[in-house]
Amino acid sequence: MLHLSLLWLLMIMVYDAQQRRVPNWLVLGGAAVAMGALAMNAQPFGIGWSDALLGCVVGFGFLLLFYATGFMGAGDVKFAGALGLWVGMSPLLPIWIGASLLAGAHGLLLLALQRFAWFPGLALMLSGKPRSDAASGSRKQTRPIPFAAYLALASAVWMIWGRPS
């Protein structure tokens with residue numbers, strides 16, 4: 001099951017980094033597999049139903065505040081809820097801190113590249129805007145920082161190196 005959770009995280013990372021969105025089918029699929037692992041008593045991180053459900057509620061509820069203020073997309077929030085089903089409550093804080101540090105570094109690098117225009121292609125890639133949208137001046141709102149991708153990366157690091165044995 002560990003391999004399935006890591007594959008799911010990889011899919012989230014790639015999809016969010018490329019599209020700046022997390023599709024519902026991917027979130028629901030990960031949540032369904034996590035619940036299946038719990039039901040079959042094959043949960044790879046040794047948590048039970050109560051910890052998984054608490055992780056789901058806290059993951060979803062905490063990031064819902066950021067969605068309500070416009071700082072985060074709905075896919076990020078739903079992904080955090082599904083992630084809570086996999087890891088439970090206790091690792092959520094270190095995972096959020098790691099993801100926030102990565103997202104902050106992304107934002108600082110993007111600001112520096114936009115301000116000084118050393119590498120315009122890299123700045124465009126980090127902003128998440130397709131080249132055609134940037135050239136046409138499209139008004140479609142895109143979120144420049146793929147937070148779900150960083151949340152998935154921090155989760156994968158925790159799953160491989162950070163969790164207690």
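Only the coordinates and a few stated rules stand behind these numbers; no lab work does. This one's a predicted model, so the numbers in the text were calculated from it and none came from an experiment. Methodologically, a virtual Cβ is constructed for each residue, glycine included, from the backbone with ideal geometry; neighbour enumeration extends over all protein chains shown.
Okay, here's what the table says:
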quantity	calculated
Simple label model, 7 Å out from Cα along Cβ direction - residue 28 to residue 65, nm	2.9 nm
Cα-projected label distance for residue 49 with residue 74, points at 7 Å along beta-carbon direction, nm	2.9 nm
Residues residue 3 and residue 112, FRET efficiency given R0 of 41 Å [Cβ-Cβ distance, rounded to 0.05]	0.65
